[in-house]
Amino acid sequence: MKCINCHKREAQKHERFGILPCKECQNKPYRNARKLPEFTTAEIKQERKEYAEDIEQPFRKGEPNKRYIEIYGKERAKEVGMSDYEIEHAKYVYSADDEYYDRNL
């Protein structure tokens, strides 16, 4: 039986795990799935930009989100449980350094 990855060499047979990729494929470094390109349409990318504000969260790891307050206002922030002190001292809790933030915008 051929290798399930490369389809060139013979696959390895293991008693417990069954058919495994060939030795060469097993020794290759792991490909990180997050670095693969995203296949999507231009329309979906545009909608992500248009509706980005609709999914803004009021808190991140317990920190109040200043961008949420700017979008929805102080009254809405109070409704979700922010105090006046938290509203006044809120920070931007997302940055370009965060994983997946503005990934495809």
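Where a number appears in this text, it was derived from the coordinates with a stated rule and is not lab data. Since the model is a prediction, treat every value here as computed from it, not as a measurement. Positions of Cβ are backbone-derived with ideal geometry, glycine not excepted, and every protein chain shown enters the neighbour counts.
Brief remarks follow.
- You can think of it this way: the chain between GLU15 and VAL80 has 17.9 nm of extra reach, that is 0.36 nm per residue less the Cα-Cα gap.
- Where labels lie 7 Å past Cα in the beta-carbon direction, separation of TYR94 and LYS2 in nm: 4.4 nm
- In this structure, the amide hydrogen of GLU63, modeled 1.01 Å from its nitrogen in the peptide plane, lies closer than 5 angstrom to no residue at least 5 positions away or on a different chain.
- Cross-link partners of LYS8 among lysines (Cα-Cα below 22 Å; sequence separation of 8 or more within a chain): LYS23, LYS28
- Taking amide H as placed 1.01 Å from N in the peptide plane, GLN12 has its amide H under 5 Å from the amide H of LEU20, CYS22, each at least 5 places away in sequence or on another chain.
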